[in-house]
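Each remark here refers to the structure printed beneath this line.
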Amino acid sequence: MKIFVSTGEVSGDLHLSYLIKEAKKLNNNVEFYGVAGKYSKDAGATIIQDIDELAIMGFTEAVKKYTYLKSKAEEYLDFIRKENIKKVIMVDYGGFNLKFLELLKNEIEDIEVFYYIPPKLWIWGEKRIDKLKLADHIMVIFPWEVDFYKKHNINAVYHGNPFVERYREIERRGDKILLLPGSRKQEIKSLMPEFLRLIRKNSNEKYILKLSSKEHLKWIDENLTELTNLEICYDVSLDTSVKESKIAIAASGTVTLELALLGIPTIVVYKTNFINYFIAKYILKVGFVSLPNLTLNEEVFPELLQKRCNFIEIEKNMKTVLENLDSVQEKIQRIREELSGVDITRRYAEFLLKGK
C-alpha cells in the first residue's frame, strides 16, 4: 500500500510522523511518500518535497507564494499518477491543502483523501467548509471540533489528542525562565528584542533561550555572549528545558499545548504585521489564539499580542502567574483530561489503513 502525504509546517510534520510510525507497526508493507519534513523522514517517509522550502506565515506571505505552490501541486499530482497512489493524507496547512484537495478530486479518479487536523474553520470562518467536504474522511484532535463538523453534516473522527500520549507532566526542579521565540524568521525577529529587554532588566534571573536550529542565531541582531544569565540551547529536548524552568514565555503555536501537557505555566506572546493581525482579530473575530485557552475556552495562559507583547507586560504577567500557581496548575490538569483518550495514535493509524 502506498500513501501520499501533504503537510507544510513543523507541527503538522510532527503529528504526521506519529501516524506513520503507528501505521508501519500495523502494516510493515505500507509506504509513505510526499511533502513533509525531518520528523516524517525519520519515521520512514520518502520525502519528495521538504517543508523547509515551503515555510509560509500569514496571509500576505501566502499570496506572494501562490504561483509557486500552484506549480508544486501539479508536480505532486503527476507523482501520484505515476506511482498509482490511491490514498492521500493531508495534515493541517489549509492554505495549500484545501486547493490541493480540490485538484485531487477533480483530476484523479477514485482517490481517497483523509484530512487529519483540518484547518481551524471554527476560527477562520466557515466559508471553506464546502472545499473541506471534498475529503472522504475528516480526522480531528480536539473534542469541540466533532460538534462543529456535525453542524455541517460531517462525521469527524476523534480519538483524543496524540500529544497526550507523548507528553507527561514532569517535575520541575529549576528556577529558570524558558524563552521560546518560535521557529520562523518573522517570529524570532519580532520577539527577541522584547526577550532581551526582559533579560537585561531582570539580571538576577536565569534564562534559557531554546532555538530549533543554531542557524536561527543569524536572525538575532545582538551579540548574546555578553549576557551571562542567558543559556542558549538547540539540541536539548523540550522536556529537559522544562525541568530546569519555573515558567515559560512562548510564541503562540503548537508548543503552547506541549508546554501545558508538560505542566509548566506559560506566557503566550505574539507579534505579526498589521495586515495579518487586523484580519485575525477583527475579520475572523478570534477570541483566544493559544490551544490551551481554546481547549477550556478560558484563559489558562495569559496572551500578550501585538502592543501588549512587550517586556513590561511580560514581567507583570509572569509575576501574576507565579503568585497564582495552584489555580494555573488546576487548569493545566483539566486540559489533559479534556484531550485524553485510549490508544489515540494507533486508532487514527488503523482508521487510515482501513479507509473505505
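The values are calculated or read from the model by the stated rules, or taken from the named source; none is laboratory data. Remember, predicted model here, so these are calculated numbers, not experimental data. Backbone-built Cβ (ideal geometry, glycine too); neighbour counts: all protein chains shown. Side chains included, ligands, DNA and RNA excluded: accessible areas come from the protein's heavy atoms. Shrake-Rupley method; radii C 1.70, N 1.55, O 1.52, S 1.80 Å.
The residue that is least open to solvent (accessible area, probe 1.4 Å), counting only those in region 292-314 that are charged (D, E, K, R), farther than 18 Å from I247 by Cα and part of a helix (DSSP H, G or I), is R308. Of all residues in region 6-41, how many are surrounded by 21 or more Cβ atoms within 10 Å (Cβ to Cβ), of a type in the set (F, W, Y) and over 15 Å from the mean Cα position of the chain (by Cα)? Within region 6-41, residues that are surrounded by 21 or more Cβ atoms within 10 Å (Cβ to Cβ), of a type in the set (F, W, Y) and over 15 Å from the mean Cα position of the chain (by Cα) number 1.
Each row is one residue, and each column tells you yes or no for (1) at pLDDT 90 or above; (2) more than 23 Å from the chain's Cα centre (by Cα).
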{"residue": "E75", "(1), (2)": "yes, yes"}
{"residue": "D92", "(1), (2)": "yes, no"}
{"residue": "F100", "(1), (2)": "yes, no"}
{"residue": "N106", "(1), (2)": "yes, yes"}
{"residue": "V113", "(1), (2)": "yes, no"}
{"residue": "L121", "(1), (2)": "no, no"}
{"residue": "R128", "(1), (2)": "no, no"}
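Against the definition (under 22 Å from T254 (Cα atoms), at pLDDT 95 or above and surrounded by 16 or more Cβ atoms within 10 Å (Cβ to Cβ)), how does L191 come out, yes or no?
In short, no.
Restricted to region 201-243, and to residues there that are among the basic types (K, R) and either loosely packed, with under 14 Cβ neighbours inside 10 Å or in contact with a Cys (Cβ under 7 Å, 6 or more places away or on another chain) (or both), the residue that is farthest from I177 (Cα to Cα) is K218.
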